[in-house]
Amino acid sequence: MSSNWRTGFTRWIEQQARDNGVTDHDIPEALLWCWSTAARTTGLDPDDIAEIAHATRAAESDVVAACERDNSQWEADQTRFEQPDLVALDAHLDAVAGDRWPST
């Protein structure tokens, strides 16, 4: 199972499921991916929140809090990565690497 796309929120879902006696195989990986993508892009709708709460046996308020914590951390990380020095470093590294590994 690839973990490259996993977010803090996805890891929270997995941990909640384990803590509440739900096995990893009870929540399909494709569904985890959909939830984590929605959480970061369009936001979770009430049906998503209810479904995650049911799947993990967690309270809906805990689902919302976990999602908000993860998005706040992600936003802080993005702000840090957009600092002028890091943008300049990224451009320099892209130039050194040529077209092999562009960051955009």
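In table form, for the structure just shown:
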| quantity | calculated |
| --- | --- |
| Condition met for Asp47 (out of contact with any helix residue (DSSP H, G or I) (no Cβ under 9 Å at 6 or more places or on another chain), among the acidic types (Asp, Glu), at pLDDT 95 or above and exposed (fewer than 12 other Cβ atoms within 10 Å of the Cβ)) | yes |
| Criterion (of a type outside the set (Phe, Trp, Tyr) and either in contact with a Pro (Cβ under 7 Å, 6 or more places away or on another chain) or in contact (Cβ under 8 Å) with a residue 24 or more places away in the chain (or both)) met by exactly one of Arg69, Arg80, Arg18, Arg11 | Arg69 |
| Answer residue from the stretch 24-36, given it is free of Cβ contacts under 8 Å to residues at least 24 places away in the same chain and out of contact with any Asp or Glu (no Cβ under 9 Å at 6 or more places or on another chain) and is farthest from Asn71 (Cα to Cα) among those | His25 |
| Out of Val64, Val22, sole residue that is surrounded by 11 or more Cβ atoms within 10 Å (Cβ to Cβ) and part of a loop (DSSP other than H, G, I, E, B) | Val22 |
| Residue among Ala55, Ala39, Ala88, Ala17 that alone is in a helix (DSSP H, G or I), surrounded by fewer than 11 Cβ atoms within 10 Å (Cβ to Cβ) and hydrophobic (A, V, I, L, M, F, W, C) | Ala88 |
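The values are calculated or read from the model by the stated rules, or taken from the named source; none is laboratory data. What you see is a predicted model, and the numbers here were worked out from it, not measured in a lab. No Cβ is skipped: glycine too gets one built from the backbone with ideal geometry, and neighbour counts run over all protein chains shown.
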